[in-house]
1. Would you tell me which residue of chain B has the beta carbon closest to the rotation axis bringing chain B onto chain A, and how many whole Å away it is?
2. Counting only other chains, what is the mean number of Cβ atoms within 10 angstrom of the Cβ of each residue in peptide B:116-123?
3. Taking the Cα centre as origin and putting +1 on Lys and Arg beta-carbons and -1 on Asp and Glu beta-carbons, what dipole magnitude results for the stretch B:81-197, to the nearest 20 debye?
4. What does the copy distance list look like for residue B:81, label position 7 Å along Cα→Cβ, in nm and ordered from shortest?
5. Using the Cβ atoms and a cut-off under 13 Å, what net charge is assigned to the surroundings of residue B:146, where Lys and Arg are +1 and Asp and Glu are -1?
6. Based on the Cβ-Cβ distance of residue A:105 and residue B:157, what FRET efficiency does E = 1/(1 + (r/R0)^6) give at R0 = 60 Å, to the nearest 0.05?
7. For A:211, B:45, what's the largest-to-smallest order of accessible area, 1.4 Å probe?
8. Over the stretch A:80-242, what is the relative contact order in whole percent, taking alpha-carbon pairs under 8 Å and six or more residues apart?
There are 2 protein chains.
Amino acid sequence: MGTAQLAAVPEPKYWHLRTVLLRAIDSEFATGQVIPNERELSARFGVARATLRQALDQLELEGRLVRRRGIGTLVAAPRVGVPVSRREEGEAWQPVDCVTAPAADKLAGALGVPAGELVHTVRRVRVEQGQTVATESLHVPDRSLEQVPEIRLSGAALTGEEQARAVLRRLERLTMDGESRAVELGVAEAEEAALLQRPPGTPVLVVTTQFAAGGRLAALAVSTYRADTCRLTFGETGLVEVRPAAPVRTAS
Amino acid sequence: MGTAQLAAVPEPKYWHLRTVLLRAIDSEFATGQVIPNERELSARFGVARATLRQALDQLELEGRLVRRRGIGTLVAAPRVGVPVSRREEGEAWQPVDCVTAPAADKLAGALGVPAGELVHTVRRVRVEQGQTVATESLHVPDRSLEQVPEIRLSGAALTGEEQARAVLRRLERLTMDGESRAVELGVAEAEEAALLQRPPGTPVLVVTTQFAAGGRLAALAVSTYRADTCRLTFGETGLVEVRPAAPVRTAS
């Protein structure tokens with residue numbers, strides 16, 4: 001496949017500008033630095049404000065620029081590498097609340113239990129470097145926990161957070177066979193968006209994790225990570241520590 | 001955190017419409033079915049054409065709708081689960097070409113070799129169910145292959161594809177210590193977009209894989225998957241086969 005053929009692809013105007021801007025940002029500005037305002041940029045690059053705004057929107061979506069009200073547009077920090085795997089996540093997740101309710105058809109189907117079965121849904125947020133980077137709904141059918149003794153707490157009614165911690169502690173006592181994961185692009189629904197402090201519709205990376213114990217699905221976690229600031233890392237055992245990969249997509 | 005607080009998040013008009021449309025699509029239409037045209041939809045939902053178009057664009061971006069010229073807007077097939085791991089990828093990748101050249105600073109840095117070192121870059125595409133779902137640049141420093149005998153082929157000059165196959169065969173003979181991976185959101189640059197048959201700027205899932213051999217980085221693969229049609233799956237050993245997870249984000 002020749003490059004002549006590839007070069008013939010039509011490129012929208014804003015896209016060309018986005019690439020030119022990216023090069024300028026990389027060579028002229030440091031992380032956290034404020035770039036010139038829209039008026040100056042449209043004059044410098046000889047483009048309409050609408051085209052410029054589209055290119056800036058695109059770079060914000062890609063996590064290369066950040067807009068701050070009253071300050072201007074800043075060069076964003078590089079994405080944070082966020083390890084994904086039970087072993088590595090450690091104490092990164094903070095329980096928010098827990099709802100115990102009969103499963104609706106869709107959730108029951110995904111968990112492989114009859115509709116109406118009791119399911120605990122623990123909501124958690126993940127904080128890295130002081131920023132909420134992900135939110136998670138962890139669904140645990142009550143029957144998964146039936147072998148594990150219930151944890152007795154004081155007589156007072158439990159808060160949502162205490163209930164969440166109780167379910168998590170019981171889940172930890174299960175011997176897991178393993179876990180499997182899927183990653184796909186999604187968009188933040190209203191509630192997730194609020195927890196992530198982003199507008200609804202913000203692109204997110206959705207990680208679905210199935211936990212198996214005793215030969216069946218014991219729990220299902222649906223985690224949504226901010227796509228603008230996160231880079232999900234999957235370490236594998238047996239690997240010597242190699243340097244973190246720098247972005248090289250435009251290097252060759 | 002109460003739901004009252006979460007509900008107070010402002011929701012743009014198009015976003016509300018997108019959620020309503022999604023519900024209508026799920027309940028009234030099957031995969032591959034043509035949905036009503038823009039005029040009918042804007043009348044049915046009592047919204048301006050501009051708002052409707054924004055909601056349809058959003059659903060196309062999410063891979064829920066597909067626009068076909070001369071046909072209309074169709075309900076998209078569910079995303080294809082694409083296994084990511086050397087073991088599972090098997091023969092999914094098809095070599096396209098190979099370029100052998102001294103590494104520029106950025107690539108050399110990512111590979112941990114001095115700038116100017118000879119690096120083979122194999123370009124491949126991945127085809128699933130008749131569709132090109134991903135494109136990859138696999139960077140292999142020549143020094144990684146120095147222990148592996150060169151494969152002698154006929155005297156004639158090799159095509160790019162033959163060179164790619166020769167590099168891949170030598171790489172296969174290396175004993176790998178392991179691999180580590182990162183996944184993040186990206187956008188298709190012009191060349192990738194052409195190979196994926198999508199416009200430049202299309203959202204992609206970028207998978208960066210580092211291969212270690214003999215205690216150092218032996219190769220680096222940067223793969224870009226179509227985010228609208230792919231769901232990357234990461235199996236883990238020791239896991240019993242559980243049913244594929246259905247989308248459950250809106251189930252709870």
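1. B:183, 3
2. The mean count of partner-chain Cβ atoms within 10 Å per residue comes to 1.
3. Around 280 debye, computed over the stretch B:81-197.
4. 2.9
5. My count for the surroundings of residue B:146 gives +1.
6. Once the sixth-power term is evaluated, E becomes 0.45.
7. If we order A:211, B:45 from most to least accessible, we get B:45, A:211.
8. Relative contact order here is 25 percent.
The values are calculated or read from the model by the stated rules, or taken from the named source; none is laboratory data. Predicted model only: the values in this text are computed from it and were never measured. Neighbour counts are summed over all protein chains in view; Cβ atoms, including those assigned to glycine, are modelled from backbone coordinates with ideal geometry. Heavy atoms of the whole protein, side chains included, go into the accessibility calculation; ligands, DNA and RNA do not. Shrake-Rupley method; radii C 1.70, N 1.55, O 1.52, S 1.80 Å.
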